[in-house]
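Take this structure first; my questions come after.
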Amino acid sequence: LNDTTRAWHLKSRPTGMPTLDNFELKDAPLAPLQDGWVRVANSWLSVDPYMRGRMNDVRSYVPPFEIGAPLQGGAVGKVVESKAEGFSPGDTVFHMQGWREAATGPSETFNKVPPMPVEDHEWLGNLGLTGATAYFGLLKAAEAKAGDIVFVSAAAGAVGSAVVQIGKALGMTVIGSAGGSDKCAWVRELGADAAVDYKAQPVLKGLMAAAPKGIDVYFDNVGGDHLDAALATARNNARFAICGMIDSYNGGDPAAFRYIMRMISARIAMKGFIYTDYLAQMGDFYRDMGGWISNGQVVSRQTVLEGLEATPQAFLDLFTGGNMGKMLVRI
Ligand SMILES: NC(=O)c1ccc[n+]([C@@H]2O[C@H](COP(=O)([O-])OP(=O)(O)OC[C@H]3O[C@@H](n4cnc5c(N)ncnc54)[C@H](OP(=O)(O)O)[C@@H]3O)[C@@H](O)[C@H]2O)c1
């Protein structure tokens with residue numbers, strides 16, 4: 001077994017939209033196996049919009065990536081060597097040493113997947129942080145319940161498509177927005193009552209037509225004009241779960257909110273959250289999401305790029321809408 005692995009490194013910090021030149025594929029050292037450690041061969045890598053924030057030299061809820069160091073991110077792989085109790089070759093694990101082929105480390109940094117009959121990549125999608133973000137954001141941060149009219153942006157993406165399906169499974173009316181007619185058709189296929197193509201018309205115009213009575217809940221993945229449209233159409237006591245604002249991750253002019261004052265008259269509650277806020281309730285998530293997947297109420301879709309080489313491109317494609325469902329790299 002090698003003492004190095006091919007890994008993507010951050011070559012330079014992006015300004016604005018990242019480019020392939022910001023990344024470099026080269027060998028990184030793999031620490032030798034110590035007692036209590038495992039070695040894992042990665043098979044699936046996740047790319048996620050939040051990684052863009054870690055490429056800036058700014059402290060946030062996760063520390064910044066360092067220039068010249070390997071990148072990190074969600075990954076699923078198989079144990080190939082173990083000096084740790086409870087881990088055997090062949091075990092499937094998910095962990096945070098993505099953007100590379102192989103990983104070593106203390107077994108506590110690798111999670112054995114729960115015994116459920118699903119494909120391995122599901123642990124990066126609807127049964128991973130993506131699904132958990134949708135579940136806790138909708139049900140805990142926004143306190144959505146049966147009968148609510150829910151609007152979710154980036155509804156054909158990983159988190160958004162899970163929000164649509166959880167909402168429908170629990171008896172909500174769901175309106176999703178996405179860029180393009182193919183994506184909107186898929187959002188309706190997932191059960192959404194309406195889909196707004198924000199590239200074909202202003203999102204506010206589409207949302208007003210799709211939700212003539214207004215909305216009770218907004219699940220924000222985009223920010224900007226989508227958040228403003230939600231403010232404009234919110235009913236009294238609406239709850240907003242602020243999950244992401246991908247519209248602003250590459251900088252640019254901050255959006256002007258024309259309807260922000262509706263927070264007062266409509267008594268809107270806005271709650272930002274990070275899925276880790278709810279880790280203590282992961283048991284509920286596995287029970288409910290596992291049930292919906294096994295009875296077909298939640299389906300998973302992936303956009304897969306092949307090979308470690310494709311990882312930066314997969315990441316960049318998130319910002320141009322190149323994915324339907326969860327964006328993944330298969331090694
Ligand atoms: N708070 C948390 O704990 C947490 C955890 C995970 C993810 N998130 C956030 O959740 C959101 C979704 O993440 P994800 O992993 O599921 O990604 P995703 O939705 O699968 O991919 C990103 C999607 O965003 C849309 N998009 C990109 N730029 C846009 C823009 N300027 N305006 C409108 N739409 C744009 C694209 O879809 P279209 O083609 O439809 O434009 C793209 O497919 C992100 O904001 C992410 O940061 C938050």
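Please verify whether residue 28 is modelled with pLDDT of 95 or more and either within 16 Å of the ligand (Cβ to nearest atom) or under 26 Å from residue 158 (Cα atoms) (or both), treating the condition exactly as stated.
no
Could you please find all residues in the range 68-80 being under 19 Å from the mean Cα position of the chain (by Cα) and in contact (Cβ under 8 Å) with a residue 40 or more places away in the chain?
Passing the criteria: 71, 74, 75, 76.
Among the numbered criteria (1) more than 23 Å from residue 54 (Cα to Cα); (2) open to solvent by less than 20 Å² (accessible area, probe 1.4 Å); (3) under 15 Å from the mean Cα position of the chain (by Cα), which single criterion is violated by residue 298?
(3)
Against the condition more than 18 Å from residue 129 (Cα to Cα), in contact with a strand residue (DSSP E or B) (Cβ under 7 Å, 6 or more places away or on another chain) and within 16 Å of the ligand (Cβ to nearest atom), how does residue 55 come out, does it pass?
Working: more than 18 Å from residue 129 (Cα to Cα): yes; in contact with a strand residue (DSSP E or B) (Cβ under 7 Å, 6 or more places away or on another chain): yes; within 16 Å of the ligand (Cβ to nearest atom): yes.
Yes: the conditions hold for residue 55.
Can you say whether residue 65 is open to solvent by 20 Å² or more (accessible area, probe 1.4 Å) and without any contact (Cβ under 8 Å) to a residue 60 or more places away in the chain, as far as the supplied structure shows? Don't jump to the end; show me each part of the working.
Working: open to solvent by 20 Å² or more (accessible area, probe 1.4 Å): no; without any contact (Cβ under 8 Å) to a residue 60 or more places away in the chain: yes.
In short, no.
In the range 256-280, what residues are open to solvent by less than 60 Å² (accessible area, probe 1.4 Å), more than 8 Å from the ligand (Cβ to nearest atom) and under 30 Å from residue 125 (Cα atoms)?
Scanning the range 256-280 gives 269, 278.
Of the residues in the range 89-105, how many are free of Cβ contacts under 8 Å to residues at least 40 places away in the same chain and assigned to a loop (DSSP other than H, G, I, E, B)? Write out each step before concluding.
Of the range 89-105, the ones free of Cβ contacts under 8 Å to residues at least 40 places away in the same chain are 89-92, 94, 96.
Those left that are additionally assigned to a loop (DSSP other than H, G, I, E, B): 89-91, 96.
Residues meeting the conditions: 4.
Can you tell me which of 280, 310, 232 is touching a Leu at 6+ places or on another chain (Cβ under 7 Å) and not polar (S, T, N, Q)?
Working: 280 fails: touching a Leu at 6+ places or on another chain (Cβ under 7 Å); 310 fails: touching a Leu at 6+ places or on another chain (Cβ under 7 Å).
Testing whether each residue is touching a Leu at 6+ places or on another chain (Cβ under 7 Å) and not polar (S, T, N, Q) leaves just 232.
If I filter the range 160-168 for residues that are without any contact (Cβ under 8 Å) to a residue 40 or more places away in the chain and more than 8 Å from the ligand (Cβ to nearest atom), do I get at least one hit? Show your work before the answer.
Kept after step one, since they are without any contact (Cβ under 8 Å) to a residue 40 or more places away in the chain, are these residues of the range 160-168: 164, 167.
Next, from what is left, pick out any that are more than 8 Å from the ligand (Cβ to nearest atom): 164, 167.
The answer is yes, given that some residue of the range 160-168 is without any contact (Cβ under 8 Å) to a residue 40 or more places away in the chain and more than 8 Å from the ligand (Cβ to nearest atom).
Which of the residues belonging to the range 194-218 are in a loop (DSSP other than H, G, I, E, B), touching a helix residue (DSSP H, G or I) at 6+ places or on another chain (Cβ under 8 Å) and more than 19 Å from residue 257 (Cα to Cα)? Let's see the steps before the verdict.
Taking the range 194-218 and keeping what is in a loop (DSSP other than H, G, I, E, B), we get 198-202, 211-214.
Okay, now just the ones that are also touching a helix residue (DSSP H, G or I) at 6+ places or on another chain (Cβ under 8 Å), so 198, 200, 202, 211, 214.
Within the range 194-218, 200, 211 qualify.
If you check every pair at least six apart or on different chains, which have Cβ atoms under 7 Å apart with a residue in the range 199-221 that is in contact (Cβ under 8 Å) with a residue 24 or more places away in the chain and hydrophobic (A, V, I, L, M, F, W, C) first and a residue that is crowded, with 23+ Cβ neighbours inside 10 Å and assigned to a loop (DSSP other than H, G, I, E, B) second?
Pairs that qualify, where the first residue is in contact (Cβ under 8 Å) with a residue 24 or more places away in the chain and hydrophobic (A, V, I, L, M, F, W, C) and the partner is crowded, with 23+ Cβ neighbours inside 10 Å and assigned to a loop (DSSP other than H, G, I, E, B), are 217/142; 217/144; 219/142; 219/243.
Kindly check whether there is at least one residue in the range 243-264 that is within 17 Å of residue 164 (Cα to Cα) and not β-branched (Val, Ile, Thr).
Here is the first cut: in the range 243-264, the residues within 17 Å of residue 164 (Cα to Cα) are 243-244.
Still in the running and not β-branched (Val, Ile, Thr): 243-244.
Yes: one or more hits.
Look through the range 171-191, keep the residues that are surrounded by 19 or more Cβ atoms within 10 Å (Cβ to Cβ) and under 20 Å from residue 136 (Cβ atoms), and return whichever of them is farthest from the ligand (Cβ to nearest atom).
The extreme case among them is 172.
For the range 1-46, what are the residues that are closer than 16 Å to residue 65 by Cβ, touching a residue at least 60 places away in the same chain (Cβ under 8 Å) and touching an Asp or Glu at 6+ places or on another chain (Cβ under 8 Å)?
Selection gives 7, 8, 9, 10, 25.
Look at the range 199-253 and say how many of its residues are modelled with pLDDT of 95 or more, more than 8 Å from the ligand (Cβ to nearest atom), of a type in the set (D, E, K, R) and surrounded by fewer than 18 Cβ atoms within 10 Å (Cβ to Cβ).
3
Could you list all residues from the range 112-130 that are more than 13 Å from the chain's Cα centre (by Cα) and either crowded, with 22+ Cβ neighbours inside 10 Å or within 16 Å of the ligand (Cβ to nearest atom) (or both)? Talk me through it step by step, then tell me what you get.
Taking the range 112-130 first, the residues more than 13 Å from the chain's Cα centre (by Cα) are 112-121.
Passing the criteria: only 121.
The values are calculated or read from the model by the stated rules, or taken from the named source; none is laboratory data. This one's a predicted model, so the numbers in the text were calculated from it and none came from an experiment. Note that each Cβ is placed from the backbone with ideal geometry, even for glycine, and that neighbours are counted across all protein chains shown. Ligands, DNA and RNA are stripped out before the accessible areas are found, and what is left, the full protein with its side chains, is counted by its heavy atoms. Shrake-Rupley method; radii C 1.70, N 1.55, O 1.52, S 1.80 Å.
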